[in-house]
Structure formats: C-alpha cells, structure tokens
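One structure is given here, and the rest of the page talks about it.
The values are calculated or read from the model by the stated rules, or taken from the named source; none is laboratory data. All figures in this text were calculated on a predicted structure; none of them were measured in a lab. Because the Cβ atoms are built from the backbone with ideal geometry, glycine has one as well, and the counts that use them run over all protein chains shown. For accessibility, only protein heavy atoms count, side chains too; no ligands or nucleic acids. Shrake-Rupley method; radii C 1.70, N 1.55, O 1.52, S 1.80 Å.
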Amino acid sequence: FAITLFCYNKNTCNIVGIIDSYCGLREPSVPISPEASRVNGIYMKDVKGKDLDYGRINKLLDKAEFLISHNADFDRKFVRVLFPSVEDKEWLCSMNGIDWYGKGFSSKGLQNLLSYHGICPSISHRASNDVESAIKLLACSQRSGESYFSELMKGRNTKNVSK
C-alpha cells in the first residue's frame, strides 16, 4: 500500500511538491498467486508477519482533499475494505479522467504512459514507484502547456470522479 500527499497551486493546478508519503506491506489472508508475484515481484516470504501502519495511513487520508488512482474503480474496492473513510472521499481517476486516446496515445495503461513520457520507475508495478511515477506523469505538460493534472482537476465532478 502506498499513499503520497502532494500540494498544488489551486490557480494553475500545477503540482508544487510532495508533503508526505507512506508505503508498507501487509500479509494477505490468501496466498499471493504466482502470476501476481511475477508482475509485482512480491512473494509470500516478503510479506510474512507484516502489517500496515493503519494510524499513519488514516492520518494521511484525513489530510487528503481527494484521492487519485490510475484505475479508481478498481483500487477503491480494495482500499475501502481496509480504510472505510475513503468512501467519503472524492476519487479522481487518472486513467479515465484524462483523454489519453484523444491525445494520440494508443494505451491508457500507466506503464505505457510512463514509457511514452520517458518516466522510468526503478521498479514497475510496485505501489510506491507507481505512485511517484504517476505524480510525475500528472505534472507533465501537454502540447497546450496545460498539465495532465490540470485537465484532471477541470474534469472534477464529471466522468473522472468515482463515488
């Protein structure tokens, strides 16, 4: 699980910087499938006996004005089981709340978009690296000079919001 709080200029919707972040592992109640381990590099031995710092995560969630995920409908289902307070938060989806196809991209998958923009996470499909890389992606400027984050924010309360 990874969460990062960042600040942004409310007038320009430019991302200004990182305020705080947390990343942790927790032992799941069911074994990690071999397929999942191949994708994310996390094996049962890596999570044995580990748990999240729920207090710290809840404090970060309380400070968040809204939540962003690259597939909000998918992620929200898992997150709300562990952190019911997220049900009251506005969720923005960076995968569906930005017109990636209209901008000429052939995929709206995070790893593909990162590659198109020259953003190379040290490890793919790991929560902290994906969060850090997604923030870098959202901070990128489009041809118009507007950031992707700005487009996402302009679309609030429309198609990119998940409740």
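Here are a few things to note about the model shown:
- Summed over the range 8-48, residues that are open to solvent by less than 60 Å² (accessible area, probe 1.4 Å), within 15 Å of Asp130 (Cβ to Cβ) and not aliphatic (A, V, I, L, M) total 5.
- Pick from the range 89-112, criterion among the hydroxyl-bearing types (Ser, Thr, Tyr) and assigned to a loop (DSSP other than H, G, I, E, B), ranking: least open to solvent (accessible area, probe 1.4 Å): Ser94
- Leu5 more than 30 Å from Glu146 (Cβ to Cβ), modelled with pLDDT of 95 or more and surrounded by 12 or more Cβ atoms within 10 Å (Cβ to Cβ): no
- Taking the criterion of being out of contact with any Cys (no Cβ under 6 Å at 6 or more places or on another chain) and closer than 17 Å to Ile135 by Cβ, the residues of the range 63-80 that qualify are Lys63, Ala64, Glu65, Phe66, Leu67, Ile68, Ser69, His70, Asn71, Asp75.
- Candidate set: the range 113-154, residues that are charged (D, E, K, R), open to solvent by less than 50 Å² (accessible area, probe 1.4 Å) and assigned to a helix (DSSP H, G or I); chosen: the one nearest to Leu92 (Cα to Cα): Glu151
- Put simply, of Asp46, Asp73 the only residue that is at pLDDT below 95 and under 30 Å from Gln142 (Cβ atoms) is Asp73.
- Of the candidates Ser124, Ser107, Ser141, the single residue that is at pLDDT 95 or above and among the hydroxyl-bearing types (Ser, Thr, Tyr) is Ser107.
- Put simply, of Ala64, Ala36 the only residue that is closer than 23 Å to Leu110 by Cα and in contact with a Leu (Cβ under 7 Å, 6 or more places away or on another chain) is Ala64.
- Looking only at the range 41-62, residues that are touching a residue at least 60 places away in the same chain (Cβ under 8 Å) and in contact with a Lys or Arg (Cβ under 6 Å, 6 or more places away or on another chain) come to 0 in all.
- Output for the range 85-115, where each listed residue is in contact with a Phe, Trp or Tyr (Cβ under 8 Å, 6 or more places away or on another chain) and over 17 Å from Arg156 (Cβ atoms): Phe105, Ser107, Lys108, Asn112, Leu113
- The set of residues from the range 8-29 being hydroxyl-bearing (Ser, Thr, Tyr) and within 14 Å of Tyr148 (Cα to Cα) comprises Tyr8, Thr12.
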